Each structure stands twice: as structure tokens, then as C-alpha cells.
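The values are calculated or read from the model by the stated rules, or taken from the named source; none is laboratory data. It should be emphasised that the depicted structure is a prediction, and the values quoted were computed from it without experimental measurement. Here the Cβ is made from the backbone with ideal geometry for all residues, glycine too, and neighbour counts use every protein chain on show. With ligands, DNA and RNA removed, areas are computed over all heavy atoms of the protein, side chains included. Shrake-Rupley method; radii C 1.70, N 1.55, O 1.52, S 1.80 Å.
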Amino acid sequence: MFRDNTKEKRMDTSKSMKLERYNSYIRRVNSTKLLNASSKLLFRATLLVALILVFLFTFNYPPLADSTHRHLHAHSHFLSSAFGAWEKQLRHSSTPRRPNGLTVLVTGAAGFVGSHCSLALKRRGDGVLGLDNFNSYYDPSLKRARQAMLAKHQVFIVEGDLNDTPLLQKLFDVVAFTHILHLAAQAGVRYAMQNPQSYITANIAGFVNLLEVAKSANPQPSIVWASSSSVYGLNTQNPFSELHRTDQPASLYAATKKAGEEIAHTYNHIYGLSLTGLRFFTVYGPWGRPDMAYFFFTKDILQGKTIDVYQTQDGKQVARDFTYIDDIVKGCLGALDTAEKSTGSGGKKRGPAQLRIYNLGNTSPVPVGNLVSILEGLLNTKAKRHVIKMPSNGDVPYTHANVSQAFHDFSYKPTTDLPTGLRKFVKWYVGYYGPHLRPKKESRLDN
């Protein structure tokens, strides 16, 4: 009897526990449902409030959208106006002021030869538009000073690179150039050993890019471009003639200029472009390049520094056919004036076109030692000379131009001897770099 009562108690306890677990489960389910319902209600209420706020903000502040639209419209109008003003500058600078005047794109217009040629063309009434990338091969401030000088004569220079195809195409779209005077290049013989790639980029790739754009122009312009006396390289025949061999360049610079002559032949042959190459011989004068010997000799003599004067390996003096800038300018303009029209149209050749190459020099080689002596007299200061053998850096020992072909075709005749040209350079130099550099009163500069 006792065992049966115990069994019944155990059964009641088990039922109670099951009932309690069930009630606990029901409470949890109801709590979860309530929480979910509350969350949904809160979300809907929040959404409703947000919509109301957006509606109220939009209704009460409609000018904000109008202001933004007006701002964007004004910005677009400003850009359009600025671009229109830029195009106006291009057209104004490139419009000739004389009957039958040329419309010339001058590349490298902020450079030494480029600035002088741009000014000469503008002064005689031709239209001139410049292009220059103002690189830092030498002090860009000198290039900016040339740019400012040209701006006073209404010559506008576009800052850009020859390898910028869209820019070149835009210039040709805005201006119908009759001629191109291509003077932009990476200059310098020795610098090629430090930065060879710059010569490929500027002197070959840049030239090809310019020709590519020019060949597609309608009408095609006539092109006069700067080669170099450096193409004669190891040639030993004197004076240098356009008929002499030029397949032995002594420097990468010379090799890129020789490549340019071959490229010119190709574009003339295939596309009918009229091309004239000019081989410059050691150009000097006011506004010159600081990397040239006459320029840094002047600077170092005035500062009391030692200058290196080269001799050949067999002890002979190095000599150059120094050519004054005004004579070079006359040669460039003569080549432009006698350049025939290109015969292609839209990239297709219609007939044979003119292809020429000329030496532009002074025809009177002067030993570098004599150059130093002339500067000593002009500056009334003795140079500290350090005579050394010429290193194997791409320089050649001697240059001498035969200019009979240029004289025959466009009456090129140099008229400025070295003492006269250096006097003009030194006068410019001390005026440009400051009165504290002015030579003593007894110097030959004032004679």
C-alpha cells in the first residue's frame, strides 16, 4: 500500500514539471511576438516621420534646388566663355597683318631660336602661334621671360607638348596654318648621356606626332624644321657640305636629328608633305641657351671660376663655326618664304612634293680659345683657363659650314663676325642678369 502512494506522488510531480515548462514556452512565444510587433510599429512610425520631414523640407525650401541648378549653369557658362577666349587668342595671334602673310605654327617658341624667329615673323606682319612645353632642361624662367617679351608683340604661346595629339589637333582645327616652323627639340650633346630617353621622346616621337597631325590637315602646311650640324658626326671633309655622308653620328643627339631627316623623307614620299631641314651651326647671341659654352664661359669668367677649354687628343684647338642668331633667323625666314606647298590632302599624296636640306652657318670656324680671348676683352677680366683633352662625350673637334646651297636658293649670307656678335650678347647678358655683373668701364663692350 505504501509503494502505490509513492508512485502516485512521483506521477503528479512529473505532470507539474511538464506543465511549468509548457507555460514558460508560451510566455516566451508571446514575448517574442510582442517585441516583433513593437519593432514593426516603431519602424513604420520612423518611416512616416521621415517622409513627413522630407515633404516639409522640400515644400519649404524649393530655392535650394534652383540655386544648385543656377550654380552649375554658371560654371558651365564660365568654362565655355574661357574656352572661347582661348580660341580667340589663338586666332588673334595667328592672323597675318600683311597681304599674303604667312600663318605659322612655331614649335619651341619660348626657346632661343624660336623666340627670335617668332618675333621676326610677327614684326613683318605674319601670323604666329607658338607652342612650347617649358621643360626644365635649363632655367625655365628664361623661357618665361622670352614668352613675356613675345606677348608684348601679340605673340601667344600655347603651353603644351608635341606628343599631346588632342592638343595639336585642336590647334589645327582652330587655325588653318600655312606653314610650320618646327624648332622644338631636346637640345644638347652631352646631356644625352644623362637622359637619353628625353631625346627619343622629343626629337623622334614628337616630330612624328607633329607630322601625323600635319599630314591629315586640309590643306597641309609646308614645314621647315631644325636639324643640326651634329649630323656630320665623324665626317672629316671640310667645309661640311649637304652632299657629305651623315651616317656616322658621334652622339645620340646627332643620331636623333639624322633620324629626323630620314623620317622627313618618308613623310614627304608617302604623304606629299613639303619639308625643309636646316642644319644649324653653333648658334649664339642674346637670349641664348645657358648650356652653350659662350654663355657659361661669360658667367664663370665674371664669377672668377675656372673654365675648361678643350683640345683634341693630338693637342689641336677645338674650333666651331659660331653663327649669330640674326643670321640664323634670316635663313629660317628665307626657307619659309621659298617653301613650296605640300601636295597631299587629308593624308593622301596628290603629287611629288618639295624636300630640301640646308646648312646654316657662318663659314668661318673660330678656335674656342679665341672665343675666350674675345670674352676676356669684352669683360675686361682674365679667364682662369683649364686646358684639357676633349672627353668622349659626343662632341666633335671641328665644324665648318658650306652654305652655297642656301645662298643659291634663298640668298642666305651671314654678316655678323664673332667679336661683333659676342659684344651684343655680353651687353644683353649683363643687362638681363643685373647691373652688379656689368664689366669695368675700360672694357671693349662700350666701344
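Brief remarks on what is shown
- Accessible area (Å², 1.4 Å probe, nearest 10) - Arg190: 100
- Karplus-derived HN-Hα couplings along region 86-92 (A = 6.51, B = -1.76, C = 1.60, θ = phi - 60°), whole Hz, x at Gly and Pro: 5, 4, 5, 4, 4, 5, 5
- Expressed as a whole percent, the accessible area of region 139-247 that falls on carbon and sulfur atoms is 53 (1.4 Å probe).
- Stretched out straight at 0.36 nm per residue, the stretch from Ile263 to Gln237 would grow longer than its current Cα-Cα span by 6.8 nm.
- The H on the amide N of Val106, modeled in the peptide plane, is under 5 Å from the matching H of Leu129, Gly130, Leu131, Leu181, each at least 5 residues off or on a different chain.
- 3J(HN,Hα) along region 364-369, derived from phi through the Karplus expression 6.51 cos²θ - 1.76 cosθ + 1.60 where θ = phi - 60°, amounts to 9, x, 10, x, 4, x Hz, with x in place of Gly and Pro.
- Per residue, the average separation of C-alpha pairs within less than 8 Å and at least 6 apart gives region 181-225 a relative contact order of 51 percent.
- Contact order normalised by residue count of region 277-429, Cα under 8 Å, 6+ apart, percent: 39
- Gained length - Ser373 relative to Thr95, 0.36 nm times residue gap less alpha-carbon distance: 95.5 nm
- Rolling a 1.4 Å probe over the heavy atoms of the protein chains gives region 261-304 an accessible area of 31 Å² per residue.
- At an R0 of 45 angstrom, the distance between the Cβ atoms of Arg123 and Lys389 translates into a FRET efficiency of 0.50.
- Note on Asp139 and Glu212: with the Förster distance fixed at 25 Å, the Cβ-Cβ geometry gives a FRET efficiency of about 0.20.
- Ordered from highest to lowest accessible area with the whole protein assembly present and a 1.4 Å probe, His400, His386 read as His386, His400.
- Region 153-275 shape via C-alpha gyration tensor axes, a/c threshold 1.5: prolate
- When each of Lys257/Lys389; Lys258/Lys389; Lys258/Lys305 is checked by Cα-Cα distance, pairs over 32 Å: Lys258/Lys305
- Sites Asp173 and Thr420, calculated FRET efficiency, Cβ-Cβ separation with R0 41 Å, nearest 0.05: 0.35
- The relative contact order of region 193-341 comes to 27 percent, based on Cα pairs under 8 Å that sit 6 or more residues apart.
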